[in-house]
Each structure stands twice: as C-alpha cells, then as structure tokens.
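The structure appears below as structure tokens.
Coordinate-derived values only; no laboratory data. Worth saying up front: this structure is predicted, and the values here are computed from it rather than measured. Because the Cβ atoms are built from the backbone with ideal geometry, glycine has one as well, and the counts that use them run over all protein chains shown.
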Amino acid sequence: MKFFLCGIIGIVFLCLSAIGWLYFNQEKLLFFPEVLSQKFAFTFPVAFKESTITLHSGEIINFLTFNPESQKGVLLYFHGNAGSLKDWGLTAARISEKTGWSVWIMDYPGYGKSTGHLPKNEKPLLEVGRLLCQEISKRHTTLPLVLYGRSLGSGIATSLAHEVRPTGLILETPYRSVAKLGHEIYPFLPESFSRFDLDNEKWLPQLKPIPILILHGTGDQVIPYAHGEFLKHLVEDSQLVTFPEGEHNNLDAFPQYWSAVVPFLTGLEKP
C-alpha cells in the first residue's frame, strides 16, 4: 500500500508539473518564429519599403510596406503563428499587386528581424497593431483602412478593430478564440487556462456595421471550418466564403479567393 500511495503521489506530481510547464510556456506552443539576421536583405518581385517602430518596452518591430503611394486604401495584415516576413512578405506583395492597395505587414516580437522575446500574452501584439495604425493614420488621413487577420492574426485584427473601427475587416482561417481552440486541442485544459485573450467570438458582434469578410476551407486541419462558420452566424451581415476541401495554408490558390477579396476591397474604396 505504501508503494502504491507513493506511485499515485508521483503521478500527481508529474501531472501538476506538466500542467505548470504548459501554463508558463504557452508561447512555445503558440508561436513558431523564423528568426532572421539583422543583416538579412529582403527580396520581392515588387517594390517595397522596410521600416521599424519601437514598442514602449524598447523592442524594435520590423515591418514592410508594399505600394506605399497607393490612393485606393491601406490594408494592415496580421500573419499567422509561424515563419517570418521572408515568406509572409510574398503574400502581402501578391495582395498589393492584385488589388492596387497599399499593404503593411509586420513581424511580431521575436519573429524575423523584430527584437524581443515571444509575447507572454496578447498585449504586445495589440500594441504593435496600435502603433502601426497610428503610423498609417499620420500618412494616410483620408484613405480607407482594412485590417486583415490570418489564423493567429485573426484575433489580433478583430480585437484591434474594436478599438480603431476600420473601414473593413478580413479574417482568413479564423478561430472562435485562442482559449476555445486550445481546449479543443488539449481537452484536459480548461479555457481559462489560456493567457492569451484573443477572442473573435467576443468582439465580432460589437463591430457592426463594419463590413466583415470571412474566408475558410472545409479541409482545414489546424483550425476547423466550424470556427469560421460559427463566426459568420454571430454577425448576420458578414460574408463567409467557403473553400471546398480548402486547407489552412492554400486558400489564395483558389480562384474564389481573389474573386472575394478584390471586390470586397474595391467596394470600400472612396469614389
């Protein structure tokens, strides 16, 4: 009996230790950055400008601007949880080419050439967005502003939209909330376990009458299609474009991607 009790105590201790590690290291499960040398030189098939902003913590955020002189509008793009601007910049370049809009895209703290540690909560991510929105408003006082959130970035874009009230919002492969998605992946952890308050479900209903476009594929194995479908029902006036068999990272390879995004942005342009 003594050995049995010791075994039970040992198992409980290991379980609690594992849960404690998960709680204090959530960022290692959420973020998968590609770190670039400060000397790394970006190359893209279209013209772009590389710039930086500084957070209150002193961390330097690297961002790119494509077609900065556009008079159609500005799209601020929040990318997913992996990689860096070395690859995400290609996505931004394609959107700018196809739409004629100016596209701004940044690397989060600890990604690419941005300095600092991976965020422990959503606050540094939202600060990055706020500072870039302020920078955009200084340079483009009259142009429409659209926030675009992809995967992880969807929660950042939606939270920020509640503050800055953009002209439009595009969400690609979004989740209901990071907490709910985490609970689906790790059912033994409650939603309250998450330190990241990135919650599309909470903020989307409060964004009316901002036009909202949701893009999601039925074959998404990372963030199930049911998440995007649920968000559509939260805001009846929102538009959900379904990509049959579309996966998490290939929606822009479908013709309906551009036939949805381009008219959405064109409809927001000023006469």
Exercise for review: Among DSSP beta bridges whose residues both lie in region 31-266, state the antiparallel percentage, nearest 5.
Suggested key: 30
Check your understanding: What percent of all Cα-Cα pairs in region 31-266 falls in each 5 Å bin, counting up from 0?
Key -> 1, 7, 15, 19, 21, 19, 12, 5, 1, 0, 0
Review point. Volume per residue, Å³, of the convex hull around the alpha-carbon atoms of region 184-271?
Key: 120
Point to revise | Over 29 Å between alpha carbons, listed pairs Lys98/Lys138; Lys28/Lys72; Lys113/Lys202 | key: Lys28/Lys72; Lys113/Lys202
Review point. Can you work out the base-10 log of I(q)/I(0) for region 54-149 at q = 0.11, 0.16, 0.23 1/Å, using the Debye formula on its C-alpha atoms alone?
Key: -0.30, -0.63, -1.22
Point to revise | region 164-177 - phi-based ³J(HN,Hα) in whole Hz, Karplus 6.51/-1.76/1.60, Gly and Pro as x | key: 9, 6, x, 6, x, 9, 10, 10, 10, 6, x, 9, 5, 7
Point to revise | region 119-196: chymotrypsin sites (Phe, Trp or Tyr not before Pro) falling in loop per DSSP and having at most 11 other Cβ within 10 Å | key: Phe188
Review point. Mind checking which aspartates and glutamates have their C-alpha under 16 Å from Lys49, skipping anything on the same chain fewer than 8 residues away?
Key: Glu69, Asp87, Glu97, Asp107, Glu135
Check your understanding: Glu97 to Gln134: extension gain in nm, 0.36 nm per residue of separation minus the Cα-Cα distance?
Key -> 10.9 nm
Exercise for review: Compute the acute angle (0 to 90°) between the alpha-carbon long axis of helix 123-139 and the principal axis of greatest extent of the alpha-carbon atoms of the chain; round to the nearest 10°.
Suggested key: 10
Review point. Not counting the cut sites, what is the longest span of the chain without GluC sites (Glu not before Pro) that DSSP labels loop and that have at most 13 other Cβ atoms within 10 Å?
Key: 70-235
